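Structure first, commentary second.
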Amino acid sequence: MPYIQRAGFTGHLAFAIAASAVGSAFQHGYNTGVVNAPQTVIEQFINQTHYDRTGEPMEDGSITIIWSLAVSIFCVGGMIGGLLTAVIANKFGRKGGLLLNNVFVIVAAVLMTFSKPSKSYEMIIAGRFFIGISSGLAAGLTPMYLSEISPAHLRGATGTTYQLVVTISIVLANVLGLPQVLGTDQLWNYLLGFTIVATVFQVCTLPMCPESPKFLLLNRGRDIQAQEALTWLRGVIEVHDEMDEMRAEGETMKSQPQVTLTDMFTNPLLRMPLIISLMVMMSQQLSGINAVSDCQPKDHLNSPNTVEIVSFDR
């Protein structure tokens, strides 16, 4: 422990990492996997709701379309949230943006929880859209906050915390979605609304943490507040060297010309990193991992190559 403390990993830093990562990455992972297990009972709810409104059962194709919309609109919200990241981060700060982001979670949790008593599958779709916006914002704001509160030599380690929590949350969502837990006809709406638990955790813990020192220093010009934030995170009073490094980094960024999208393709120095990034992302997307983590259980059951693997639930 003394070595870890000297290396810059303090109790306060660990607390800030937990408050930001657990409270935000949970939404991303949990809502990626939460719709898997209860698909059948929610589709039955959609059919029953339509029957109560019209007196006729809904066709299977229509049920599939509505369910597909409820699942996929999460990604639409995620794209919107991702595009808003820079605006929110610069206007409200990294910590402020994370706290503001919880508004979307609260709205989504209320909509999805009360969709069943309200007999409205439209509320599920709307809730998934809002939680998608929250997840998109979290995917940009949280790694930004984590990298800016961590010492340079720990940024790689702390940056992986977000993806770790996402993965754990996907597992938790699938466990809670089992019929023996919350994936039942009576409790599935509480399964969807369970996402608010992480918001309560973050709202209670993140206000105790400081804003990003780098944001305070470079974006707001608040030297004293930046020093206080660094002192809290590092556990030492002498933080002037690190602040000088931030100032130097800021001056370097100001002197660099703005890079446009066209430059990414025309500049040989930028083209190769772009190609490498695209290949890495394409390899990840085409590897099949999304089909394993995101697709519905019955999709796997319909595959002759995976029936024996997933047939444990019979």
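The values are calculated or read from the model by the stated rules, or taken from the named source; none is laboratory data. Please read these numbers as outputs of a predicted model, since none were measured by experiment. Using ideal geometry, Cβ is built from the backbone for each residue, glycine included, and neighbour counts are taken over all protein chains shown. With ligands, DNA and RNA removed, areas are computed over all heavy atoms of the protein, side chains included. Shrake-Rupley method; radii C 1.70, N 1.55, O 1.52, S 1.80 Å.
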Assess whether ASP223 counts as being over 30 Å from the mean Cα position of the chain (by Cα), open to solvent by less than 90 Å² (accessible area, probe 1.4 Å) and not hydroxyl-bearing (Ser, Thr, Tyr). yes
Report the residue count in the range 230-253 for those that are out of contact with any His (no Cβ under 9 Å at 6 or more places or on another chain) and either in a loop (DSSP other than H, G, I, E, B) or over 28 Å from CYS209 (Cβ atoms) (or both). 4
Find all pairs meeting these conditions: Cβ atoms under 6 angstrom apart; at least six residues apart or on different chains; first residue within the range 164-193 and closer than 15 Å to GLU43 by Cβ and open to solvent by 60 Å² or more (accessible area, probe 1.4 Å); second residue assigned to a helix (DSSP H, G or I) and among the β-branched types (Val, Ile, Thr). ASP185/VAL41
I'd like to verify a number: residues in the range 153-163 that are open to solvent by 10 Å² or more (accessible area, probe 1.4 Å) and touching a residue at least 40 places away in the same chain (Cβ under 8 Å), how many? 5
Please find, within the range 265-291, the residue that is nearest to VAL171 (Cα to Cα) out of those that are open to solvent by less than 70 Å² (accessible area, probe 1.4 Å) and more than 27 Å from the chain's Cα centre (by Cα). LEU270
Evaluate the following for ARG155: is it of a type in the set (Lys, Arg) and over 30 Å from HIS240 (Cβ atoms)? no
Just to be sure before I move on: is THR199 touching a residue at least 40 places away in the same chain (Cβ under 8 Å) and surrounded by 19 or more Cβ atoms within 10 Å (Cβ to Cβ) in the structure I sent? yes
Based on what the data block shows, is SER134 part of a helix (DSSP H, G or I), within 24 Å of VAL197 (Cα to Cα), open to solvent by 30 Å² or more (accessible area, probe 1.4 Å) and of a type in the set (Gly, Ala, Ser)? no
